[in-house]
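Okay, structure first, notes after.
The values are calculated or read from the model by the stated rules, or taken from the named source; none is laboratory data. Keep in mind that this is a model prediction, so the values were computed, not measured. Don't worry about glycine lacking a Cβ; one is built from the backbone with ideal geometry, like all the others, and counts go over all protein chains shown.
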Amino acid sequence: MERMKTGITGLDQMLDGGFLPQTANLIEGAPGTGKTTIGMQFIYNGIVESGEAGIILTFEEFPQQYYRDAAGFGWDFQQLEKLNRLRIIMSSPEVTKADLENIGGRIETLAHEIGARRILVDSLSHFERLSQDPIELRSMAFSFINSLKREGLTSVLTRESPALLGEAPSVDEDVAFLVDSYILLRYVEIDSAVHKAVLVLKLRGSNHAKDIRQFSIGSDGVVVQDKFVGREAIMSGSPRSRAEAFRQAFPGPGS
Ligand SMILES: Nc1ncnc2c1ncn2[C@@H]1O[C@H](COP(=O)(O)OP(=O)(O)OP(=O)(O)O)[C@@H](O)[C@H]1O
Ligand SMILES: [Mg+2]
């Protein structure tokens with residue numbers, strides 16, 4: 001089956017090769033965990049490795065911020081825009097329902113203009129201000145996500161989670177239901193040091209890694225390492241404390 005590779009070392013393996021085409025993929029995590037970086041990397045690698053043009057839709061930061069952040073990893077987003085391989089669209093954080101329709105129209109136009117196959121929506125959290133009514137909100141998110149799919153786009157949607165450590169989200173409500181895959185980023189505290197960990201909670205229609213893995217952000221972007229617990233246990237000699245830290249960071253539905 002065709003896969004939309006993220007090109008992120010270790011992550012594609014967790015995703016059994018990558019995202020499925022024309023799916024919506026949610027990346028959720030606390031501030032600074034690396035949601036935007038993973039999203040930018042998905043777009044950048046799509047362009048340079050898979051020949052797939054991309055769009056970035058942002059509600060929070062000016063395009064200049066993305067140019068700067070991307071340049072920090074050696075990715076020249078301005079150049080890619082000049083080459084018509086990338087478009088960055090900025091929308092007001094105070095989007096209204098009407099804005100949302102305009103945004104949909106702009107995405108459609110741009111997708112046709114540059115033949116985009118990928119989109120990063122950074123972040124979905126702004127949608128939550130659109131309505132107080134959870135049912136209406138859900139239906140708006142549903143139609144927005146579906147409109148991206150209709151355009152043939154594979155999307156990465158980021159969402160902030162208030163929990164810094166631990167506290168698993170409830171998968172049975174909100175957008176987690178609407179998306180095809182759901183990836184969680186977490187801080188994990190081990191022996192007074194903070195590490196980052198990633199878990200694929202769901203990947204519709206496909207197998208995926210069920211274990212929690214450590215990742216880091218370096219000069220080339222995100223790199224997902226091997227299985228956290230086993231590897232760390234070997235290196236540290238204190239497997240129990242590490243395993244315990246993970247259980248706290250990712251409590252299962254039953255715990
Ligand atoms: N060039 C770089 N090299 C190494 N690490 C970097 C580099 N640029 C950013 N980082 C790291 O990436 C992290 C920020 O990642 P990112 O902006 O993707 O997080 P985020 O989850 O989107 O945060 P927010 O919720 O604030 O939007 C920072 O903690 C920073 O340490
Ligand atoms: Mg961000």
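Key figures for this structure:
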| item | result |
| --- | --- |
| Of residues in the range 28-43 being surrounded by 24 or more Cβ atoms within 10 Å (Cβ to Cβ) and more than 10 Å from ligand 2 (Cβ to nearest atom), the one nearest to GLU160 (Cα to Cα) | GLU28 |
| Elements of type helices (runs of 4 or more DSSP H) contained in the range 1-109, each with 2 or more residues being in contact (Cβ under 8 Å) with a residue 24 or more places away in the chain, touching an Asp or Glu at 6+ places or on another chain (Cβ under 9 Å) and under 21 Å from GLU128 (Cα atoms) | 35-48 |
| Of the criteria (1) surrounded by fewer than 16 Cβ atoms within 10 Å (Cβ to Cβ); (2) within 16 Å of ligand 1 (Cβ to nearest atom); (3) not hydrophobic (A, V, I, L, M, F, W, C), which one LYS82 fails | (2) |
| Within the range 110-137, tally of residues that are part of a helix (DSSP H, G or I) and surrounded by fewer than 16 Cβ atoms within 10 Å (Cβ to Cβ) | 6 |
| Failed condition for ARG87, given (1) surrounded by 15 or more Cβ atoms within 10 Å (Cβ to Cβ); (2) within 15 Å of ligand 2 (Cβ to nearest atom) | (2) |
| Out of ARG186, ARG159, ARG204, sole residue that is basic (Lys, Arg), modelled with pLDDT of 90 or more, within 16 Å of ligand 1 (Cβ to nearest atom) and under 20 Å from the mean Cα position of the chain (by Cα) | ARG159 |
| Residues (among the hydrophobic types (A, V, I, L, M, F, W, C) and touching a strand residue (DSSP E or B) at 6+ places or on another chain (Cβ under 7 Å)) located in the range 209-228 | ALA209, ILE212, PHE215, VAL222, VAL223, VAL224, PHE228 |
| The range 9-27: number of residues that are touching a helix residue (DSSP H, G or I) at 6+ places or on another chain (Cβ under 6 Å) and away from ligand 2 (no atom under 16 Å from the Cβ) | 3 |
| Any hit, the range 99-113, residues being within 16 Å of ligand 2 (Cβ to nearest atom), in contact with a helix residue (DSSP H, G or I) (Cβ under 8 Å, 6 or more places away or on another chain) and of a type outside the set (Ser, Thr, Tyr) | no |
| Hits in the range 44-60 (condition: among the aliphatic types (A, V, I, L, M) and within 14 Å of ligand 2 (Cβ to nearest atom)) | ILE56, LEU57 |
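Table: residues versus (1) modelled with pLDDT of 95 or more; (2) more than 19 Å from SER219 (Cβ to Cβ); (3) within 16 Å of ligand 1 (Cβ to nearest atom); (4) in contact with a His (Cβ under 6 Å, 6 or more places away or on another chain).
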| position | (1), (2), (3), (4) |
| --- | --- |
| MET4 | yes, yes, no, no |
| ASN25 | yes, yes, yes, no |
| ALA30 | no, yes, yes, no |
| ILE38 | yes, no, yes, no |
| PHE42 | yes, no, yes, no |
| GLU52 | yes, yes, no, no |
| ILE55 | yes, yes, no, no |
